Each structure stands twice: as C-alpha cells, then as structure tokens.
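Reviewing the structure listed below.
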Amino acid sequence: MVGFTFAAITYLRIMITNKQNSLYIYTCTFLLCLFISALFHAHAQEAKLGPRVEVEADPLAYVFKGYSIHTAVTYSGFRSSVGVFGIEPPKFFLENKAFSVFTSGFDVKTDYLFGSIKGFYAGLQLTYSKERVGLKDAEYRESIWGLNIGVRTGYRFLFGKAENNYKGFYLTPWIALMYAPDAKTIQHGTQEYQQSSWAPFPTVHVGWRF
C-alpha cells in the first residue's frame, strides 16, 4: 500500500504541473490504473484458490434450545452463504422478561475476504425471520415476521493445510449489527413487547471446508 500511496501522490503532482499536456496526463492515468489493477490482483492471489464448499453451524443456537445449519461457497475473494436457524434468545436480550420468545428463519450472507481465505472479513447479511412471542404464564403465542438487514465482520481460523486448500475444520467468531426497518410492538394484557430497530448479534460458527 506504500507503493499505491507514492503512485497516487506522483500522479497528483503530474496533474498539477502538466495541465496543458493532455496526452501525458492520459498516459499517466492509464499507467496508474494498470498499477492499481496489478496491486489488487497480487493482493487477491491467495483468495483465488478455486470455489470451495463449506458447511457450518452455530453451537450457541443449540445451547439456547434451537438449531443452525449453513452452507457456503468461497470464490474469487468472496464468500456467500445461505442457512436456517432457530434460537431462544437469552433473557438479557429481552427488554421485557415477562415474555417468552423463539426466533427462527433463514439468512443470506456475502463477505469480502480481503485477499485471504483466512483472517478478517466483512460483509452484508439479509435475514427473514419469525418471532413466536407470548407471556411466559400463558399458552397463546403471536408470530411476528420481519426482514432484517445488517453489516458484519469476523475472523476465520482455518486449521487445514494450505497445500490442501485449507480443507478441514475451521472456526469463525463474528458479530453483526442488524437493522429492522419495520420493528413492531405488541400488547399482551398489560405487558408490552417491543422489537428493537437496531440489534447487535455476536456468535461463533464452527464448520468443515471441503
């Protein structure tokens, strides 16, 4: 990145001192674009190991009386996944602890791997979920459907060998910040349950890379 900074500064100096020489400026622009392309091509070489399938789960979902299974594919420096989940949110996640809540649904995620199959990544997440909500001392449950969008980041620990394209077990802790554009509020008797418009979601996934 030092080379990129030096090239950018040099280009700006050329632009300032050669305002009248259009051909020179166009030539420098082409060379700068070529340099940037080469830089990012080199940076992404490790990620271009060919498409690979991964299967993973969230152990915390099972701890909190739920389930989780996700399938993903890594390709050209990106990773996309689809999955289903169910979880009973822990009490400290609920503003009104008079309610019992079970959340289930499916999600789609796409992450940028920053040029490496392992290490830091960041991406977007889209979740469509249903909350089954009711008072703990009542049988009635109300379903609330909603679409959530968010950003996420995490770190991939791959324990396979590089020469085998990191095939094998991996672990990835991550956190997402989710936004519910249509958060709802419901009333059961004298108690009120309100969905949060913004909610952090930290967890850890474990999986197998094929």
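The values are calculated or read from the model by the stated rules, or taken from the named source; none is laboratory data. Because the structure is a prediction, the values reported are computed rather than measured. Note that each Cβ is placed from the backbone with ideal geometry, even for glycine, and that neighbours are counted across all protein chains shown.
Overview of results
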{"quantity": "Residues of the range 93-127 satisfying the condition of being crowded, with 18+ Cβ neighbours inside 10 Å, closer than 27 Å to GLY50 by Cα and hydroxyl-bearing (Ser, Thr, Tyr)", "calculated": "TYR121"}
{"quantity": "Flag for PHE114 being on the phi > 0 side of the Ramachandran plot and either more than 13 Å from the chain's Cα centre (by Cα) or outside any strand (DSSP E or B) (or both)", "calculated": "yes"}
{"quantity": "Single residue of GLY105, GLY66, GLY86, GLY160 found to be at positive phi and touching a residue at least 24 places away in the same chain (Cβ under 8 Å)", "calculated": "GLY105"}
{"quantity": "Selection within the range 76-92 - in contact with a strand residue (DSSP E or B) (Cβ under 8 Å, 6 or more places away or on another chain) and of a type outside the set (Asp, Glu)", "calculated": "GLY77, PHE78, ARG79, SER80, SER81, VAL82, GLY83, VAL84, PHE85, GLY86, ILE87, PRO89"}
{"quantity": "Filter pass, LEU177 being modelled with pLDDT of 95 or more and within 15 Å of the chain's Cα centre (by Cα)", "calculated": "yes"}
{"quantity": "Candidate set: the range 180-210, residues that are assigned to a strand (DSSP E or B) and without any contact (Cβ under 8 Å) to a residue 12 or more places away in the chain; chosen: the one nearest to the chain's Cα centre (by Cα)", "calculated": "THR185"}
{"quantity": "ILE144 vs. criteria crowded, with 17+ Cβ neighbours inside 10 Å, modelled with pLDDT under 95, in the same structural domain as ILE186 (by TED's automatic domain parsing) and not in a helix (DSSP H, G or I)", "calculated": "no"}
{"quantity": "Test: residue in the range 72-80 that is at pLDDT 95 or above, closer than 18 Å to VAL204 by Cα, touching a Pro at 6+ places or on another chain (Cβ under 8 Å) and not hydrophobic (A, V, I, L, M, F, W, C)", "calculated": "no"}
{"quantity": "Answer from PHE92, PHE169 - the residue that is hydrophobic (A, V, I, L, M, F, W, C), free of Cβ contacts under 8 Å to residues at least 12 places away in the same chain, assigned by TED's automatic domain parsing to the domain that holds SER68 and under 19 Å from VAL204 (Cα atoms)", "calculated": "PHE92"}
{"quantity": "Residue list for the range 147-166, filter: surrounded by fewer than 16 Cβ atoms within 10 Å (Cβ to Cβ), outside any strand (DSSP E or B) and not small (Gly, Ala, Ser)", "calculated": "PHE159, LYS161, GLU163, ASN164"}
